1. Do you know the Lys pair count in the chain for C-alpha distances under 19 Å, with sequence separation 8 or more or different chains?
2. Carbon and sulfur: what percent of the chain's accessible surface (1.4 Å probe)?
3. What is the diffusion coefficient of the chain in µm²/s, taking the Kirkwood radius over Cα pairs and the Stokes-Einstein relation at 37 °C with a viscosity of 0.692 mPa s?
4. With the other protein chains left in place, how much accessible area per residue, in square angstrom, belongs to the chain at a 1.4 angstrom probe?
5. Taking only Cα atoms and a 10 Å spring cutoff, compute GNM fluctuations for the chain and point out the largest among GLY15, GLY42, GLY102.
6. Pick from ARG66, ARG38, ARG19 the residue whose mean-square fluctuation is largest in a GNM of the chain, springs joining Cα atoms under 10 Å.
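The values are calculated or read from the model by the stated rules, or taken from the named source; none is laboratory data. These figures come from a predicted structure and were not determined experimentally. These accessible areas exclude ligands, DNA and RNA; they are computed on the full protein's heavy atoms, side chains included. Shrake-Rupley method; radii C 1.70, N 1.55, O 1.52, S 1.80 Å.
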Amino acid sequence: QVQLVESGGGLVQPGGSLRLSCAASGRIFSTDVMAWYRQAPGKQRDLVAQLTAGGLTTYADSVKGRFTISRDNAKNTVYLQMNSLKPENTAVYYCKLTSFRGSYWGQGTQVTVSS
């Protein structure tokens, strides 16, 4: 089994920054694909950023140049650095791990961007 625990969410003013963390435990492999998704109230869950084991990154168009995904394999942790935050970035952010065994989700962490 795999467990994912997100942290780092909170309330931030527009233009501010946050760094989300996702700590993975259980049967983790360096080949697993890690990603961040978000879901705003009344909306579907959408991909924010993805990072493959080979270092290939994918970002939603709306966050390119502002968000950065990274991973520390030694700590089994993936990060999402979010800069220049906007009110429309308010959502619950979820970590996802995808491997040959299946997909796993964390419980989510709330990010609220408001003055």
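1. Summing the qualifying lysine pairs gives 4.
2. 49 percent
3. 233 µm²/s
4. It amounts to 52 Å² per residue over the chain.
5. Of the options given, GLY42 has the highest mean-square fluctuation.
6. Top of the fluctuation ranking is ARG66.
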